[in-house]
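One structure is given below, encoded as structure tokens.
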Amino acid sequence: MPEIATRDGYGTGLLKVGKNPNIVALDADLSDSTKSQEFGKAYPERFFNVGIAEQDMISISAGLAASGKIVFASSFSIFSERAFEHFRNTVARPKLNVKLCGSHAGFKTGEDGSSAQCIEDFAVYRSLPNVAVISPADAVETEKAVEFLASYKGPSYMRTTRAKVPVIFDSNYKFELGRGVVLKKGKDAVVFATGPLVHEALKAAEELDKDGIKIYVVNIHTIKPIDESLVIKLARETKAVISAEDHNVIGGLGSAIAEVLSKNSPTQMEMVGVKDTFGESGTPEELYEKYGLTSKHIINAVKSAIRRKSK
Amino acid sequence: MDTKALENKAREHRIEIIQMIYDAQSGHPGGSLSAIDILTALYGYKMKFNPKKPDWEDRDRFVYSKGHACPALYTVLADHGYFSREEFKKFRKLGGMLQGHADRKWTPGVEFSAGSLGQGLGFAIGIALAGRLDKKDYKVYCMLGDGECEEGAVWESAMAAPNFRLKNLIAILDYNKVQQTGKVKDIMNLEPIEDKWKSFGWRTIVIDGHSMKEIVSALDAAVKDGPTIIIANTKKGKGVSFMELNEKFHGKAPNAEEYKKAMEELNA
Ligand SMILES: Cc1ncc(C[n+]2csc(CCOP(=O)(O)OP(=O)(O)O)c2C)c(N)n1
């Protein structure tokens, strides 16, 4: 499998949709990192580097959107949060057409350390009415999501990551907002994964196969609106649910699934994610190992979920 | 005063900075090299502190708001004995104390948990206010980047310090002309920068931030009535020709060939 960072998918996606002259893009001095620079080079007159000023970037984005532009704004996920309240009040409330992209999310960010390792973006953006929250698993899905967003009306937040991840999808892949993608069928348990953890979940499923344990692997690329009916259906079928995300276990994908299940079909859950702690410098691989985000941790979670249901 | 010793020290630190970032194969050389002369003088000449008691109440504080350029700070702190130079090898590595962005939780001598630009000056104001409440005569120094000055929060703090009549606060602008993706004047021109700070109520001193003599006399002149900002004209990447004023080396480590060349130029 070739490996490409999802932020590169953002770059190529934005470049593609950029043909539409109504699309504008903004960045806050990070376009070489977020990859919005590809758009910036191709369409300099429709690209605005506002300087290191995330709050202003969001207010400007809102003004552009209120004047009919389709707006893509990017920064690191963590620094997008600098403008969180701007996004809430000036973009989300009036439901303006601003697509925010936060790169360098999660422990995948690695060496930069805890300040940049954003582990709470799902939690905060998910709590905003009107806002779709997207977390693609590979570069292809990211590119398709950008193409989708270009024609979607309304505010959204999408997270991408810095490090390369294996490509899972081919170019025929179709992105459907709010639809989980079943990548592997099973019966004993279901792993709902997002972002780089989708690959880890697929690896875990392969290993578990060898022990005769068959699991569903579902790619949840849309954290909000979450695919309620799929979550309920597979929870009822397997009675063992595992969430997996490069995000705090508080407020993210695991929480979103728990909200759905506790209302509709209470099910024992295991949550693979960051256990309410800030990170540190290290390679993404080392951090995934230390903080419990690898396929091995998913395997343990699956086994424990299966044990719990037989009790 | 004779500044030769400080100049030599700064040259050694430049070598250590390149070595540290080369070993880690990640980090921010440009902003480290532009700041190192000033940091060397701050710790080697001006500030009072005690490495054996990093939280000594009466110490002068240095708030490094542009904490991505932490290798510069780490070389100076190690030189004064806050930790061993052995730590340099573990910069940005799991298990090391030298984080990718300077962080008070991890490293003795580091005052400010940095990484998000635009927050250091407010933090420094807080320390200065506490010093006044506690009747301490310590000084608070805060270094900002020029790109950083595009953050609105910098100007909220710029407004606050003179309003609180803080006399023990000295800001230092590392005006190295380049940010992450290009030249400051092309991205978001800050000029007239001295007039801006003046109009917010600051005393200003403009210097060549690579002249040890000018740095030292500016630091001596800085603490007077009201907050002062030293606007230090510097060069991003100073000392390594191909890094100078080159945004490509904002946040990138040199490769083997570049490393060799850099070390030659620094007479390592
Ligand atoms: C709030 C915030 N936005 C963006 C960044 C990412 N970033 C890190 S360094 C940098 C450029 C900083 O430029 P400058 O202040 O001039 O620093 P220097 O040139 O001294 O390295 C950027 C955009 C950040 N650290 N914090």
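Helix B:152-163 and the longest principal axis of the Cα set of chain B meet at an angle near 40°. Counting every other Cβ atom within 10 Å of each residue's Cβ, A:Ser265, B:Ser84 order from fewest to most as B:Ser84, A:Ser265. Remark: for residue pairs A:Lys164/A:Lys185; A:Lys233/A:Lys290; A:Lys184/A:Lys303; A:Lys16/A:Lys296, the C-alpha separation exceeds 28 Å in A:Lys233/A:Lys290; A:Lys16/A:Lys296. Amide H contacts of B:Cys142: B:Val63, B:Ile170, B:Ala171, B:Ile172, each under 5 Å away and 5 or more positions distant or on a separate chain (H built 1.01 Å from N in the peptide plane; Pro and chain starts excluded).
Centre-to-centre separation between the Cα atoms of segment B:1-73 and those of segment A:237-311: 42 Å. Only DSSP H runs of four or more residues enter the estimate; each adds -39500 (n - 2.57), and after division by the residues of chain A the mean residue ellipticity at 222 nm equals -11000 deg cm²/dmol. A straight line joining the Cα centroids of segment B:135-179 and segment B:229-268 runs 25 Å.
Among B:Glu194, B:Glu257, sorting on how many other beta-carbon atoms sit within 10 Å of each Cβ, with the fewest leading, yields B:Glu257, B:Glu194.
Inter-part distance, segment A:181-198 to segment A:1-77, computed on C-alpha centroids, equals 31 Å. Around B:His68, under 11 Å between beta carbons, what's the net of Lys plus Arg minus Asp minus Glu among the other residues? Spelling it out: positives minus negatives among the neighbours equals -1.
Can you list the residues, at least 5 places off or on another chain, whose amide H is less than 5 Å from the amide H of A:Gly186, using H built in the peptide plane? When sequence neighbours closer than 5 places are left aside, the close amide H contacts are A:Tyr216. Seen from A:Leu293, the other residues with C-beta closer than 13 Å to its C-beta sum to a net charge of -1, counting Lys and Arg as +1 and Asp and Glu as -1. With respect to chain B, whose longest principal axis is taken over its alpha-carbon atoms, helix B:256-265 is tilted by about 60°.
Do the alpha carbons of any pairs in B:Lys89/B:Lys260; A:Lys41/B:Lys93; A:Lys108/B:Lys90; B:Lys90/B:Lys183 sit beyond 29 Å of each other, and which pairs? Where the Cα-Cα span goes over 29 Å, the pairs concerned are A:Lys41/B:Lys93; B:Lys90/B:Lys183. For A:Ile299, B:Ile193, the sequence from fewest to most other C-beta atoms within 10 Å is B:Ile193, A:Ile299.
Every read-out reported here was derived from the displayed coordinates using simple, explicitly stated rules and does not represent laboratory data. Here the structure is a predicted model, which is why all the values come from computation and not from measurement. Glycine also receives a Cβ, built like all others from the backbone with ideal geometry; neighbour counts cover every protein chain displayed.
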